[in-house]
Amino acid sequence: MDEKPEQTEFWLVCETGDIEEFDAYEDAYEALTAAVKRDIEQHGEETARESGVIHPYGYTINVMREGQDVTEDWERNEPYKPLSVD
């Protein structure tokens with residue numbers, strides 16, 4: 001019986017409630033940094049940074065596997081792959 005490998009998804013989450021899904025960490029992180037850069041250009045560094053209540057800039061990546069949030073596991077196992085911009 002063949003087992004399917006677990007599917008990992010990377011959700012770019014904006015504190016306004018918008019979610020964009022990616023299949024690869026690198027794509028999600030690229031979208032995260034582009035969103036932060038865009039906000040800095042539009043609103044200035046200080047305003048953009050302070051716009052987040054939970055995370056600086058208001059964006060984070062959640063890691064989902066088979067419908068379960070495994071973000072904390074990812075942070076422990078992949079410390080050099082950040083999930084937000086500080």
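Could you please let me know if Leu83 is in a helix (DSSP H, G or I) and within 14 Å of the chain's Cα centre (by Cα)? No; evaluated as a whole, the condition is false for this residue.
Residues that are of a type in the set (A, V, I, L, M, F, W, C) and assigned to a strand (DSSP E or B) are absent from the range 25-41.
Scanning the range 42-86 for residues that are surrounded by 17 or more Cβ atoms within 10 Å (Cβ to Cβ) and at positive phi turns up Tyr57, Gly58. Looking only at the range 12-41, residues that are touching a residue at least 24 places away in the same chain (Cβ under 8 Å), open to solvent by 60 Å² or more (accessible area, probe 1.4 Å) and closer than 12 Å to Leu83 by Cα come to 1 in all. Being modelled with pLDDT of 95 or more, not charged (D, E, K, R) and not in a helix (DSSP H, G or I) is a description that does not apply to Val53.
The values are calculated or read from the model by the stated rules, or taken from the named source; none is laboratory data. Since we're looking at a predicted model, the values are computed, not measured. So basically every Cβ, Gly included, is an ideal-geometry build from the backbone, and we count neighbours across all protein chains shown. Heavy atoms of the whole protein, side chains included, go into the accessibility calculation; ligands, DNA and RNA do not. Shrake-Rupley method; radii C 1.70, N 1.55, O 1.52, S 1.80 Å.
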